[in-house]
Amino acid sequence: MAEDGRRTAKAIQPEDALQIETFLDALWMESGASKHTLSAYGTDLRGLSFYRQSKGGFLINASRADLLAYLSYRIEKGAQPRSMARLLSSLRRFYQYLVLNRSISVDPSDDIATPKLGRSLPKSLTEDDVERLLIMPDVDDALGLRDRAMLEILYACGLRVTELVSLQLSQIGLNQGLVRITGKGDKERLVPMGEECLSWLEAYLVDGRPEILAARKVDALFVTRRGDAMTRQAFWHLIKRYAIQAGISKSLSPHTLRHAFATHLLNHGADLRVLQMLLGHSDLSTTQIYTHVAQERLKTLHAQHHPRG
């Protein structure tokens, strides 16, 4: 449930611990927030709780001035604007919850300005980079065949790594060429896989997966020698290893191939609304960041090839 997001430190005040735990449980039940999100909220609220304790107060009786003092304290400690924006978002969500449940009558986080953030462009790979990365696994080996299939579907469908390693056999429609993804908030979407991806996925299911499992019955699509589902961390280590082998020196993140998927689609004329559906973004504004990536590429191409660039 909300376990990872509500580990209570020994020194936290019981009153605050109960408020945080209740809030995280409600957040999980209402929105299906991920463990990572719950953990982030829990960390932010416990930090404020420790600060309030040092001042002889509690979360529930914090005033606007108390919150501003805490935010100033965090800035003095070196917190960056992005961290501060996330912290303020956590506090707002928490105090809005207390108001809705009539635990308090006034939201102390109201009217506190969010730090302005510069728009950061997602790190991506060129199409040549991706091609070099995809051919790195040794497909004569069952594990290499698995890795090739994982890389292919990750790039072909723009999946989050968590979505990839969580795939079950039942989510793959080989005849239809579609994969059914369960994304954030348990929202489902259908994404086409493409011929190349389908070809490698079929090869893995016929020649790779049976050899890896050795007659064991497992529902997970991508498996390890132990018969377990591939983990996010293990797959991320594989990507980094193949990137080194491919001579890719760019800094990678678990979302790198997802960003490449989005950027390359836009570069080839994809509609932003279609991209939003494929990526599983609930808000178009989240998808719009990729228009800036595509614009940066257009500027680069113009500078390289236009006689007056």
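Every number in this text was worked out from the coordinates using simple rules, so none of it is lab data. This one's a predicted model, so the numbers in the text were calculated from it and none came from an experiment. Glycine gets a Cβ as well: all are built from the backbone with ideal geometry, and neighbour counts include every protein chain shown.
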Quiz item: With the dipole of segment 120-271 worked out from charges on the C-beta (+1 for Lys and Arg, -1 for Asp and Glu) around the Cα centre, which of G269, L125, T224 lies farthest toward the positive end?
Solution: T224
Quiz item: Of the listed peptides 256-268, 84-96, what is their order by residue-averaged count of other C-beta atoms within 10 Å, with the highest listed first?
Solution: 256-268, 84-96
Quiz item: Projected area of segment 127-305, taken from the Cα convex hull and averaged over every viewing direction, in nm²?
Solution: 10.9 nm²
Quiz item: Mind ordering 50-60, 136-146 by average Cβ neighbours within 10 Å, highest first?
Solution: 136-146, 50-60
Quiz item: Given the pairs K184/K240; K55/K77; K35/K55, which are separated by over 28 angstrom at their Cα positions?
Solution: K35/K55
Quiz item: Taking N as the number of residues in segment 176-276, what value does Rg over Cα atoms divided by 2.2 N^0.38 Å take?
Solution: 1.26
